[in-house]
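Below: one structure, written as structure tokens.
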């Protein structure tokens, strides 16, 4: 009888343990829902990648199947979802995914159709756009224009975008190598653009999916539209209208060398933009793209002068004045004057004026007229090759 009672107790205990294990597994599975890593692909033009904050993705980062160049990559849970966090170190940041290893074959992006992504961009982040770069096993490397930049209306929340890659593939440019890496892409680079390179910024990516059929659902518009300012002559770029600034940064309506944006520079209470020389810079310049700034090119036959305020730091190296380029669309025709302003002062905010009637703009590229439709300006500093350590801040840049 005792033996029978003992057997019953053992069976009861085993049954209890079995039920406990079943429920524990269910709870464990529930607790990691949405955090599981997925790296799967059945054809060369489709894949599904989801970054989970789990052992799988952690190991892939440790083994450099996912790695950063000019940025750091790690896993983080934010807004209730796991994500690959890309934190920039400079303008040229690439988070590389070794697709050939992750998916067991390369991807044919020349025939790629729809990419959908789930993104999270903090409001404090200065990342204003994201593009894709591509690299094959032979080292051919290139990229397209930004595929998503509509962050400024979607900060601090997860949002989904869908991109038709066939709208971007025709704009692909090779930077290294003679062959296109698109048909046999081994590495996909996630390339965020940081508009404030004096500090790092972060973007979070939960998932990337490539499909042949267009996904259905409610998706945020991937690309921002150009702002429209009428009239755009005269116009002054003050960088102070935050909503307009975010729109202009989203479409990269202006760029400067080693760019940074900041208030309270040397007592200047408003926002200013930095151009800075450092080792390896080929140019030191500020480039406003006028049709992106205001929606249209500017008729410079009706413009008399360019104005700007500048602050040149005391410890900046000496340089040989500033040059000026005026370009029509796509720089097909370009006007240039090597020395348009020379009297730069250090250590104090100073107003500068370039009277167009006083300079000698020469046609150095193309044949077409430039002045009736100026699309871009480049104000460059003529630095001496051995003295490139220059830091200048600009504000109130405009034409009238």
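The values are calculated or read from the model by the stated rules, or taken from the named source; none is laboratory data. Bear in mind the structure is a predicted one, so any value in this text is a computation, not a measurement. Cβ coordinates were reconstructed from backbone atoms using ideal geometry, including for glycine residues, and neighbour counts include every protein chain displayed.
Identify, please: which residue in the stretch 96-109 is within 22 Å of the chain's Cα centre (by Cα) and not in a strand (DSSP E or B) and is, among those, farthest from residue 187 (Cα to Cα)? Give the steps one after another, and end with the answer.
Residues of the stretch 96-109 that are within 22 Å of the chain's Cα centre (by Cα), as a first pass: 96-99, 109.
Right, trim to not in a strand (DSSP E or B) and you get 99, 109.
Values: 99: 6, 109: 11 Å.
Per the stated criteria, the residue is 109.
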Exercise. Is one or more of the residues making up the stretch 321-336 touching a residue at least 60 places away in the same chain (Cβ under 8 Å), assigned to a strand (DSSP E or B) and closer than 27 Å to residue 371 by Cα?
Worked result: yes
Exercise. What are the residues in the stretch 200-226 that are in a loop (DSSP other than H, G, I, E, B) and buried (at least 19 other Cβ atoms within 10 Å of the Cβ), if any?
Worked result: 201, 222, 224
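Residue by residue, here is whether (1) closer than 27 Å to residue 348 by Cβ; (2) part of a loop (DSSP other than H, G, I, E, B); (3) touching a strand residue (DSSP E or B) at 6+ places or on another chain (Cβ under 8 Å) holds:
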{"site": "363", "(1), (2), (3)": "no, no, yes"}
{"site": "367", "(1), (2), (3)": "no, yes, no"}
{"site": "372", "(1), (2), (3)": "no, no, no"}
{"site": "377", "(1), (2), (3)": "yes, no, yes"}
{"site": "380", "(1), (2), (3)": "yes, no, yes"}
{"site": "383", "(1), (2), (3)": "yes, no, yes"}
{"site": "393", "(1), (2), (3)": "yes, no, yes"}
Problem set entry | Tally, over the stretch 39-54, of residues that are at pLDDT 95 or above and either at positive phi or more than 25 Å from the chain's Cα centre (by Cα) (or both) | 5
Exercise. Taking residue 120, is it in contact with a strand residue (DSSP E or B) (Cβ under 9 Å, 6 or more places away or on another chain), buried (at least 23 other Cβ atoms within 10 Å of the Cβ) and either within 15 Å of residue 210 (Cα to Cα) or not assigned by TED's automatic domain parsing to the domain that holds residue 191 (or both)?
Worked result: no
Seminar exercise, completed: When residue 84 is run through (1) farther than 18 Å from residue 40 by Cβ; (2) in a strand (DSSP E or B), the failure sits at (1)
Problem set entry | Flag if residue 197 is under 20 Å from residue 66 (Cα atoms), in contact (Cβ under 8 Å) with a residue 12 or more places away in the chain and buried (at least 16 other Cβ atoms within 10 Å of the Cβ) | no
Exercise. Restricting to the stretch 44-68, what's the tally of residues that are touching a residue at least 40 places away in the same chain (Cβ under 8 Å) and over 17 Å from residue 207 (Cβ atoms)?
Worked result: 2
For this session: Identify the residue in the stretch 144-172 that is in contact with a helix residue (DSSP H, G or I) (Cβ under 9 Å, 6 or more places away or on another chain) and farther than 17 Å from residue 250 by Cα and, among all such residues, is surrounded by the fewest Cβ atoms within 10 Å (Cβ to Cβ).
Result: 166
Exercise. Looking at the stretch 237-276, which of its residues are closer than 14 Å to residue 310 by Cβ and part of a strand (DSSP E or B)?
Worked result: 237, 256, 265, 268, 272, 273, 274, 275, 276
For this session: With respect to residue 374, determine if the residue is assigned by TED's automatic domain parsing to the domain that holds residue 303 and either surrounded by 19 or more Cβ atoms within 10 Å (Cβ to Cβ) or in contact with a helix residue (DSSP H, G or I) (Cβ under 7 Å, 6 or more places away or on another chain) (or both).
Result: yes
Seminar exercise, completed: Checked the stretch 166-185 for anything under 30 Å from residue 81 (Cα atoms) and either in contact with a strand residue (DSSP E or B) (Cβ under 6 Å, 6 or more places away or on another chain) or at pLDDT below 95 (or both); matches are 185
Exercise. Just checking, which of 265, 251 is under 24 Å from the mean Cα position of the chain (by Cα) and in contact (Cβ under 8 Å) with a residue 60 or more places away in the chain?
Worked result: 251
For this session: For the stretch 337-361, name all the residues that are part of a loop (DSSP other than H, G, I, E, B), surrounded by 11 or more Cβ atoms within 10 Å (Cβ to Cβ) and more than 34 Å from the chain's Cα centre (by Cα).
Result: 359
For this session: Can you give me the number of residues within the stretch 128-143 that are in contact with a helix residue (DSSP H, G or I) (Cβ under 8 Å, 6 or more places away or on another chain) and in contact (Cβ under 8 Å) with a residue 60 or more places away in the chain?
Result: 2
For this session: Quick one: count up the residues across the stretch 35-65 that are assigned to a helix (DSSP H, G or I) and touching a strand residue (DSSP E or B) at 6+ places or on another chain (Cβ under 7 Å).
Result: 4
For this session: Inspect the stretch 164-172 for any residue being closer than 26 Å to residue 70 by Cα, part of a strand (DSSP E or B) and assigned by TED's automatic domain parsing to the domain that holds residue 47 and give the result as yes or no.
Result: no
